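The values are calculated or read from the model by the stated rules, or taken from the named source; none is laboratory data. Note that the coordinates shown come from a computational prediction; the quantities given were computed from them, not determined experimentally. We place every Cβ from the backbone using ideal geometry, glycine too, and count neighbours over all the protein chains shown. Just so you know, the surface numbers come from the protein's heavy atoms only, side chains and all, with ligands and any DNA or RNA stripped out. Shrake-Rupley method; radii C 1.70, N 1.55, O 1.52, S 1.80 Å.
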Amino acid sequence: MEVNTSSPMDEFCGSTFWNSTETWWTTDPDFTPCFEQTVLVWTPCAFYWLFVVFDFYYLKASLDRNIPWNKLNVSKALVNVGLLVLTALDLIMALIKKGGDDQPPLYKLDVWGPIIKFATFLLIFLFIPLNRKYGVQTTGCQFLFWFLLTIFSIPRCRTEVRADRLRQQLLESQQEDLEYAWEEYQYTSFFVFFTFTSIMLILNCFADGMPRQTKYQRGENEIPELSASFLSRITYQWFDKMALKGYRNPLEEKDLWDLRPQDSCSEVMPTFAYHWNQNVRKNYKGRARVEPKAQFSNGNVTFENPHGEKNGRKKGVASIMPPIYKSFGGVFMFGALMKLFTDCLTFAQPQVLSLIISFVEDQDKEKQPEWKGILYSVLLFVLAAAQTFILGQYFHRMFIVGLRIRTALINAIYRKALRISNSTKKESTVGEIVNLMAVDAQRFMELTTYLNMIWSAPLQIGLALFFLWQQLGPSVLAGLAVMIILIPVNGVIASRIKTYQIRQMKYKDERVKLMNEVLSGIKVLKLYAWEPSFEKQVLDIRDKEIATLRSTAYLNASTSFLWSCAPFLVSLVTFATYVLTSEANQLSVEKVFVSLALFDIMKIPLTVLPMLSVDIAETQVSVNRINKFLNSEELDPNSVLHDPSKPHPMSIENGEFSWGDEITLRNINIEVRKSSLVALVGTVGSGKSSVVQAFLGEMEKLAGVVNTVGKLAYVPQQAWIQNATVRDNILFGQTYDRKRYNKVIDACALRADIDILSAGDQTEIGEKGINLSGGQKQRISLARAVYSDADLYLLDDPLSAVDAHVGKHIFEEVIGPKGMLARKSRVLVTHGVTFLPQVDSIYVMKAGEISESGTFDQLVKNKGAFADFIIQHLQDGNEEEEELNQIKRQISSTADDPELIGSVEKAIKLARTESLSDSISVTSADSLMGRGNSLRRRAKRQDSHDSVASAASLKKKQEVEGKLIETEKSQTGGVDFAVYKHYIKSVGIFLSVATLVLNFVFQAFQIGSNLWLTKWANDQRVENDTSLRDMYLGVYGAFGFGQVLSYKGSVVIVYLGALIGARKMFVFLLSRIMRAPQSFFDIKPRARILDRLANDIYKLDLVLPELIRVFNSQVFRVLATIVVISLSTPIFLAVIVPIAILYYFAQRFYVATSRQLMRLESVSRSPIYSHFGETVTGASTIRAYNVGDRFIEESDAKVDKNQVCKYPSVIANRWLAIRLEMVGNLIILFASLFAVLGGQTNPGLVGLSVSYALQVTQTLNWLVRMTSDIETNIVSVERIKEYGETKQEAPWELEADKNKPKNWPEEGRVEFQNFQVRYREGLDLVLRGVSFNIKGGEKVGIVGRTGAGKSSLTLALFRIIESAGGRIAIDGVDIATMGLHMLRSRLTIIPQDPVLFSGSLRMNLDPFEVNTDDEIWKALELSHLKLFVKSLAAGLNHEIAEGGENLSVGQRQLVCLARALLRKTKVLVLDEATAAVDLETDDLIQKTIRTEFKECTVLTIAHRLNTILDSDKVIVLDKGQITEFASPTELLDNPKSAFYSMAKDANLV
């Protein structure tokens, strides 16, 4: 049996290696046995040896150890041993059965084949115990190896079975004995081998068991990815559970999995810190490796300070980029490798497409074997599927890198923020530092995904041009030129869009600012009936905004139109150039479709490149900003020594300190003895607080020694309160000791406050302590210090914000010689003189130096700076009478200084007169809360039991009403169809339909132009007939023109329609909000209403139109694809249904889960930033208590928690992409299969349907994204609709009003008849059957304690709250029968707190512009503002700041008076200001009212009795009922009357 041994491979096998007639040019293809036994076995082996390095990497990187033996890994080991035995047996059998004298010859293949297999199996066998030991549960390389080996063995199965059948036939036909021992053995051995490889493949589909030892606790809730098999990882099948759960009911935080340990702060940070520190050290040249001094440790993370010592020679700035490359570069490079791979696969598709087209073309000439068509279709599918899986992994890797970089940066910035020096802090605001984290670190994350496009986009464009050149030659350059020209055109449009966007943002800010004012002053607008004027102002701004948006819309339409028509223009130009340059150039179907596919590939990189360059530039800015911050100066940790050998626990010797610029403190010598109390006093700005900061090491020490020994506690001047519960703020990270805690609370006078809070000490305090008063914050801050039980206390004026009697209590219980801190060393900064006699020593500060020191008595005798300080202090007159007497006694006992004693007596007089004026606010809510004023001691007798009762009832009430603000519903689940209907109605039915029609027309033109191209390419006559060719070209151009017009139309209509809708909805929303009753504003926080008017409207303006445009074009794109494929191969319709069902399910599951994950993610993101902002503000407190590490851990935990929500939403995207792309790949498979098998003879149609199918994957992907985005954003429409359906107040105008006389009410008679009212449904009555008559022109005072119903009376008069029974008549007309504006415009009120709006002074007085200038000046004169306004440059047009900030409170009150004078109605309501205007202004107002409103009926709600003693009648209200109604003299004559006792309390009788 002599074989023709021509090639070395033939010799190697002893048979033919490649036979093309047998393999390719046949209807029954088969490989040669030699090919099957070499190439098809060695390819998988080579693959494994090549990529085994990854297996070693996973062993090294694994965080776990020791997987127990289990069924899976034992079976793997056994089957692997079986394979090893089998291959060894193959070798032995070959040596025995071949090469002998009467045996077949022994070839090299028989020896080397088994050896290569044996070596590979042995390597894999070694990994079984290794993977077990290092806790690797699954490996991709092995799975792929077994997969390839199994697939590649299939051809040999067929060969062996056929050979066996042949042998049987020979044995039957020939009776003699034939020797087939070797072949029989090979047959058996191969099938055993095939069985084993198939078993190994199946075993490798599963992951190994759980490791016994893990670096991190793996809980119940661990992420399934960690123990998912390779197959499950590339298909994301492990995410199915979450998708299903999210589909059934909305996901909540508890449903989320734990974070993968590799992504947590505790893994990412040490790596990053290590590389950062190396980078920092590199920057110090020429020095021995001295560790830079600032280090802060948390666990094992130590960051070095790149700023170095003052004299350290520095070489440039330490940048974050090298550490980022070194820490995360590995994963990134692996991703880049995948990207390169998929880019190559992308270009394989057009090549296969050309094979399919030529296959169909050749069918015409001669029948082609069917298997080739099938092969091409399957090949196309395999390419697409491979691309899908690899791209999925690529994006996944990139997201992980992005997340890790963000984690590293956020944590580095956080750790730095705890250490920056004050000069650094001055350079930037807290907001800017928070932005480093919120904006700059975030930007990195968004960029990583696209960063590889830097090299990938040029590569793709280059490859596309190369392949196009092969098809069309130099004509390609014409098309490329068009693409390149479009880029700058786009750039120009983009810059125009940017200017418009800036303008639109400006209008939006104006509109939101105005709305914010309107909402904060809504009550005043209602009382004055001014809503229409302000509504008009808002709508004017809105119209400007809409005009800007309209211009933007046209520009946006142009860009999207440019990009969608670009491919068409390019192909038109290229094909035209190609056919017109030479007669010989003819279009063939293959050329047309391959070129179109290649142009399509080029479209994306060309779009991305310009955007990417902008992004990179922006990120570069971010890098610089982060670098600047991380390289900034830090506090010197060695400025304060802790030397226990010094005699006193706290001392400063010869200190000189600065805040970074000039010297602030000099010659400071202070010593604080053990357990002594030292006071620092001095005028404002004399440097008292700076001394405290110097002890803390916050200032820059220029000279001297600062020493503290022991644990510190610090109470800053501005209390720093965290956004946590009251208890957490006091414990500050320490354990809760109930006894000590209660003692501290009582000592710091917090008991009453805590009782009043709705949830006691578990009440959450808002950001910056927003729901506490200044005094409460200060006391909580003090309680935190006392609870911390430190050795040294630095108290920076803790008593400034609290009332005198509370201050006294705190001094006695906490700070003073008998207080809780008596055994500690304490430094107290104070402004009060009262407590000075009780301190151990006093240091008097003056202009940054210590001017004198000693005990109180010594200093008074000195008659130095201290005595001046006391006199100065007494003249301010903020002390109470009793305390002044005490000081007087103290001073007269020590010094006989008549000047001093005289000034004390003067102060006592002043205090007496003051206290009378404010004594009438009988139990104001303040004194309930334990913060009254001097009145508290006087009022004690009568309401000691009252206040206990009322405090208890108040607490009850607050638990019910603690929920005053209703919580916002986070929308869950889908959106009703009604919402879409509402939106379409707002846009207008005509425009909605027009968009759809135009989109349809556009797709029709597009398909038409493609069909026309195929007709052209198929037409043989064109070769000889130029006029025919020109006709084809012309019609092709016309089709293009149709596309251009219809597309532009559809885009413009979407944008304009959306704007019309947005405008209508805004007008609707605004008018409904303006007409909502006052109670609506009481229960909805202002921020939430603003959010509707700002955020939701923004979504209607800008987000929705864009989404709808893309959605429309994608829907029609998919429909067009289905139509085209069905045209060329009608049988395709049969497959559409199952594919559509698959698609629908993927989409529904995804939308539900993803939407909820995004919500959770955004909720968990803001705590990171708010916690950071809080830390930056409280950094000095955190350092003083030395709890930096705890805060770093908290921050890390918050970052990790955000990742917990972020990671699944990243995976959800991949999960969806893989599933959808596989659906798309199925479409490709069926489209090409049917085209090939369906006997379609027109190659043009085949090319068309397959090239449409190739684009469908991306379209499907986009479609789902858009659907989910539209669902997420259409919620805005739902929320606006919901607000639009709120209950409205009574109509503003009624027809009946027109019959009322112009000057109604003429007399001003007011009568209440058994009137009842409540604030909201379901609350108690506030007025319970009040009846009284007031004659026209009477002056009536209304008095009563807080909550008696005084204000409710006026609100009812204006119908801000509607009656619940009884009626009010003015001049005999029931006010409930009139329009609100009719009523409110005929009454006047001077409200309690003067509200002004930003705008001109004139607008604030007369928004409807009905008065003349003279009238306005007259009113200003009467309200004593004329001189002030005359002195202003702009006069009446003087701009008033938001809330009237640029006028004093007194001036604002006078403006309100001027408003009243301008309206001059018969009934005036005067709600007296408690936020007392100074006495002078008050007299002016009273005087004007007495003269100007002589004829009017005046109702005064009085807080000071002396203002109403001259009124005609007095109404005394109590608990919503009238107890007394008579003239003041009558009531004062009766000592039993309530009015008398009030007057007595006020020292008026």
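Putting +1 on Lys and Arg Cβ atoms and -1 on Asp and Glu Cβ atoms, find which of GLN470, ILE400, ALA417 reaches farthest to the positive end of the dipole of region 360-494. The one lying farthest along the dipole's positive direction is ALA417.
Among beta bridges identified by DSSP and lying wholly in the chain, the antiparallel ones come to about 60 percent.
The charge dipole of the chain, taken about the Cα centre with unit charges on the Cβ atoms of Lys, Arg (+1) and Asp, Glu (-1), comes to about 1800 debye, rounded to the nearest 20.
What is the helix-to-structure angle for 370-417, meaning the angle in degrees between its Cα long axis and the longest Cα principal axis of the chain, kept from 0 to 90 and rounded to the nearest 10? That helix lies at roughly 30 degrees to the long axis. Placing one equal scatterer on every Cα of the chain and applying the Debye formula, the log10 ratio I(q)/I(0) at q = 0.04 Å⁻¹ is -0.41. Label separation (LYS60 vs ARG162): 4.8 nm, computed from points 7 Å beyond Cα along the C-beta direction.
Over the Cα atoms of region 608-763, the radius of gyration divided by the Kirkwood radius equals 1.13; this is the Rg/Rh ratio.
Compute the distance from the alpha-carbon center of region 808-878 to that of region 1189-1230, in whole Å. Region 808-878 and region 1189-1230 have Cα centres spaced 62 Å from each other. Against the chain, whose longest principal axis is taken from its Cα atoms, helix 989-1018 shows a tilt of about 20°. The residues of the chain have, on average, 44 Å² of accessible surface per residue, using a 1.4 Å probe with all protein chains present. Remark: spin-label model distance LYS603-THR27 equals 4.2 nm, labels positioned 7 Å along the Cα→Cβ axis. Efficiency by 1/(1 + (r/R0)^6): what FRET value for GLN718 and ASP1518, r their Cβ-Cβ distance, R0 = 45 Å, to the nearest 0.05? The computed FRET efficiency comes out at 0.65. The listed peptides 264-275, 43-54, ordered by packing as a protection proxy, come out as 264-275, 43-54 (highest mean of other Cβ atoms within 10 Å first). The angle between the Cα long axis of helix 1132-1177 and the longest principal axis of the Cα atoms of the chain comes to about 40 degrees, rounded to the nearest 10. Taking a ≥ b ≥ c as the square roots of the eigenvalues of the Cα gyration tensor, an a/c ratio of 1.5 or more together with a/b no larger than b/c marks region 20-108 as oblate. Between LEU144 and ALA822, residue separation times 0.36 nm minus the direct Cα-Cα distance comes to 236.5 nm. Ignoring lysines fewer than eight residues from LYS245 along the same chain, the ones with Cα atoms less than 22 angstrom from its Cα are LYS254, LYS969, LYS1201, LYS1206. Between the alpha-carbon centres of region 711-732 and region 208-257 there is a gap of 40 Å.
Charges were assigned to the Cβ only: +1 to each Lys and Arg, -1 to each Asp and Glu. The resulting dipole of region 678-788 about its Cα centre is roughly 320 debye.
Measuring from each cysteine beta-carbon in the chain, the ones with no other cysteine beta-carbon under 4.7 angstrom are CYS45, CYS141, CYS157, CYS205, CYS265, CYS344, CYS565, CYS748, CYS1205, CYS1456, CYS1496. Loop-located trypsin sites (Lys or Arg not before Pro) in region 814-851 (DSSP state not H, G, I, E or B) with no more than 16 neighbouring Cβ atoms inside 10 Å: LYS818, ARG823. With a Förster radius of 25 Å applied to the beta-carbon distance between ALA1134 and VAL378, the computed FRET efficiency rounds to 0.80. Calculate, in whole percent, how much of the Cα-Cα pair population of region 1430-1549 lies beyond 19 Å. Counting pairs separated by more than 19 Å, the tail of P(r) holds 57 percent. Here the extension length gained between VAL39 and ASN70 equals 7.6 nm, from 0.36 nm per residue of separation less the Cα-Cα distance. Is region 1268-1378 rounded, prolate or oblate when judged by the Cα gyration tensor, a ≥ b ≥ c being the square roots of its eigenvalues, rounded requiring a/c under 1.5 and prolate requiring a/b larger than b/c? It comes out oblate by the Cα gyration axes. Rolling a 1.4 angstrom probe over the chain with all protein chains present gives an accessible area of which 58% lies on carbon and sulfur atoms.
Taking a ≥ b ≥ c as the square roots of the Cα gyration tensor eigenvalues, with a/c under 1.5 meaning rounded and otherwise prolate when a/b beats b/c, else oblate, which class fits region 421-480? It comes out prolate by the Cα gyration axes.
Per-peptide packing, taken as the mean over residues of other Cβ atoms within 10 Å, places 985-992, 1070-1077 in the sequence 1070-1077, 985-992 from highest down.
Here LYS1544 is the anchor, and the lysines within straight C-alpha reach of less than 24 Å, apart from those fewer than 8 places off in the same chain, are LYS909, LYS940, LYS1339, LYS1350, LYS1513, LYS1519, LYS1536. Using the Karplus relation 6.51 cos²θ - 1.76 cosθ + 1.60 with θ = phi - 60°, the per-residue 3J(HN,Hα) values for region 1020-1036 come to 6, 5, 4, 4, 9, 10, 5, 5, 5, 4, 5, 4, 4, 4, x, 5, 4 Hz, with x marking Gly and Pro. For region 1345-1361, backbone nitrogen atoms closer than 19 Å to the point 7 Å from LEU1548 Cα along Cα-to-C-beta are found at 1345-1351.
Helical content alone sets the calculated 222 nm signal of the chain at -21000 deg cm²/dmol, taking -39,500 (n - 2.57) per DSSP H segment of four or more residues and averaging over every residue. Amide H contacts for LEU702 (H built 1.01 Å from N in the peptide plane; partners 5 or more residues away or on another chain; cut-off under 5 Å): GLU656, PHE657, SER658. Using 0.36 nm per residue and subtracting the Cα-Cα separation, the extra length available between ASP643 and LYS367 on full extension is 89.4 nm. Using a Förster radius of 41 Å, what is the FRET efficiency between ARG212 and GLN620 based on their Cβ-Cβ separation? Nearest 0.05, please. That gives a FRET efficiency of 0.30.
For region 1502-1538, trypsin sites (Lys or Arg not before Pro) meeting the loop criterion (DSSP other than H, G, I, E, B) and having at most 10 other Cβ atoms within 10 Å: LYS1536. Peptide packing: for 1225-1236, 602-613, the average count of neighbouring Cβ atoms within 10 Å per residue gives the ranking 1225-1236, 602-613, highest mean first.
Only lysine pairs 8 or more places apart, or on different chains, with alpha-carbon atoms under 17 angstrom apart are counted in region 630-789, and they number 5.
Once both labels are positioned 7 Å from their Cα atoms along Cα-to-Cβ, the gap between LYS711 and TRP469 label points is 7.7 nm. In loop segments of region 1-104 as defined by DSSP, the GluC sites (Glu not before Pro) with at most 15 further C-beta atoms inside 10 Å of their C-beta are GLU2.
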